[in-house]
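Working notes for the structure below.
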Amino acid sequence: MTFTRARAAVVTVFVAVFVAVLGLVVQPAASAHPDADNVAVYPPIQGASTWDRFGQSGPHSHHRVFFNWGYRNDWSVDIYRHPGATVVSPFGSRTASGHPVSVRVVTVQPGCATGSLADGGYRIGLEARDDTTGQVLGRADVMHVANKPASIGVGAVVGPWTKLGETGRFRYSSCYQVNGDSGAHIHLEVINQHRYACYVRRGANTELHDETVIGRAGVHYAGPVAAC
């Protein structure tokens, strides 16, 4: 899969050229990130939150339901906080080497297959780019977002504390099997464009804070669901 991901960037360029020949306007595709420089991933909830509260939704076993660039995301986890907490981008503002990182919204849609926000809120997809090299570091899907501001749409540029919405409580369904406010959570998935992202291994019910690093994007792990 590593080779295929690298080759996907070439295919994307070919498609862009083909479309341009047809006279359509397209955005130039960013290249994958071949360097091992990386950006930290933080909790997508501002303030205190809880990692894998019930010991059933840690990255080692949690389902990965979303795809980016045609590939299943690299790892996923549920992070808990009662309804009404502010949801933010999980990406840091600089790479490990100090390059500035910009984050833009690439997906806004109902998170559950039913298409109903009442079943699980929004899925908001974010893309982190190294502003020095222009290369894409990775993406994150932030799922079960309630009360999304009107300003959060595809193409919006967001900072570390830009409000994407709030944690919410949705009706019980196959997509959101929650019986009380203590189970309200954000489902987070992360993926590299080149090779694989990693997560920081933690025990169930670990308390997290704004500056707790929970993973990294842009690293070069050999496979998915990799611990940093």
Completion exercise
Heads up, the strands (runs of 3 or more DSSP E) in the range 174-228 (entirely inside) with at least 1 residues that are surrounded by 14 or more Cβ atoms within 10 Å (Cβ to Cβ) and under 17 Å from the mean Cα position of the chain (by Cα) are 185-192, 196-199, 215-221
Practice task
Could you grab the pairs with beta carbons closer than 8 Å, sequence gap of 6+ or different chains, first residue in the range 157-172 and closer than 12 Å to ALA85 by Cβ, second one of a type in the set (D, E, K, R) and part of a loop (DSSP other than H, G, I, E, B)?
Solution key: LEU164/LYS148; GLY165/LYS148; THR167/ARG81
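So in the range 10-65, with the set limited to residues that are on the phi < 0 side of the Ramachandran plot and of a type in the set (Asp, Glu), which one is modelled with the lowest pLDDT? Even if it seems obvious, please write down each step before you answer.
Keep residues of the range 10-65 that are on the phi < 0 side of the Ramachandran plot, which gives 10-22, 24-46, 48-51, 53-54, 56-65.
Among the residues that remain, those that are also of a type in the set (Asp, Glu) are: 35, 37.
Details: ASP35: 70, ASP37: 91.
Among them, the one singled out is ASP35.
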Fill in the blank from the handout: Picked from the range 134-169 (must be touching a His at 6+ places or on another chain (Cβ under 7 Å) and in a loop (DSSP other than H, G, I, E, B)), the residue nearest to GLN193 (Cα to Cα) is GLN135
Problem - Residues satisfying the stated conditions in the range 55-84, i.e. surrounded by 22 or more Cβ atoms within 10 Å (Cβ to Cβ) and either in contact with a helix residue (DSSP H, G or I) (Cβ under 8 Å, 6 or more places away or on another chain) or among the aliphatic types (A, V, I, L, M) (or both) - result: VAL77, ILE79, TYR80
Exercise for the section: Would you check which residues across the range 130-155 are farther than 21 Å from TYR42 by Cβ and hydrophobic (A, V, I, L, M, F, W, C) and list them? Expected result: ALA150, VAL154
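In the range 177-203, what residues are hydrophobic (A, V, I, L, M, F, W, C) and under 17 Å from PRO44 (Cα atoms)?
Looking only at the range 177-203, we keep the residues that are hydrophobic (A, V, I, L, M, F, W, C), and these are 178, 184, 186, 188, 190-191, 197-198, 200.
Of everything in the range 177-203, those that are hydrophobic (A, V, I, L, M, F, W, C) and under 17 Å from PRO44 (Cα atoms) turn out to be ALA184, ILE186, LEU188, VAL190, ILE191, ALA197, CYS198, VAL200.
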Practice task
Please determine, by comparing only the residues of the range 124-151 that are in contact with an Asp or Glu (Cβ under 6 Å, 6 or more places away or on another chain) and free of Cβ contacts under 8 Å to residues at least 60 places away in the same chain, which one is nearest to VAL39 (Cα to Cα).
Solution key: GLY125
Practice task
Please indicate, with yes or no, whether at least one residue in the range 47-64 is under 14 Å from ARG139 (Cα atoms), touching a residue at least 24 places away in the same chain (Cβ under 8 Å), touching a Lys or Arg at 6+ places or on another chain (Cβ under 8 Å) and not polar (S, T, N, Q).
Solution key: yes
Exercise for the section: Scan the range 43-54 residue by residue and report those that are surrounded by 21 or more Cβ atoms within 10 Å (Cβ to Cβ) and in a loop (DSSP other than H, G, I, E, B). Expected result: PRO43, PRO44, ASP52
Practice task
Kindly check whether there is at least one residue in the range 108-126 that is loosely packed, with under 15 Cβ neighbours inside 10 Å, under 17 Å from the mean Cα position of the chain (by Cα) and farther than 24 Å from HIS82 by Cβ.
Solution key: yes
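The values are calculated or read from the model by the stated rules, or taken from the named source; none is laboratory data. The structure displayed is predicted, hence computed values, not measured ones. Ideal geometry is used to build each Cβ from the backbone, glycine not excepted, and the neighbour counts take in all protein chains shown.
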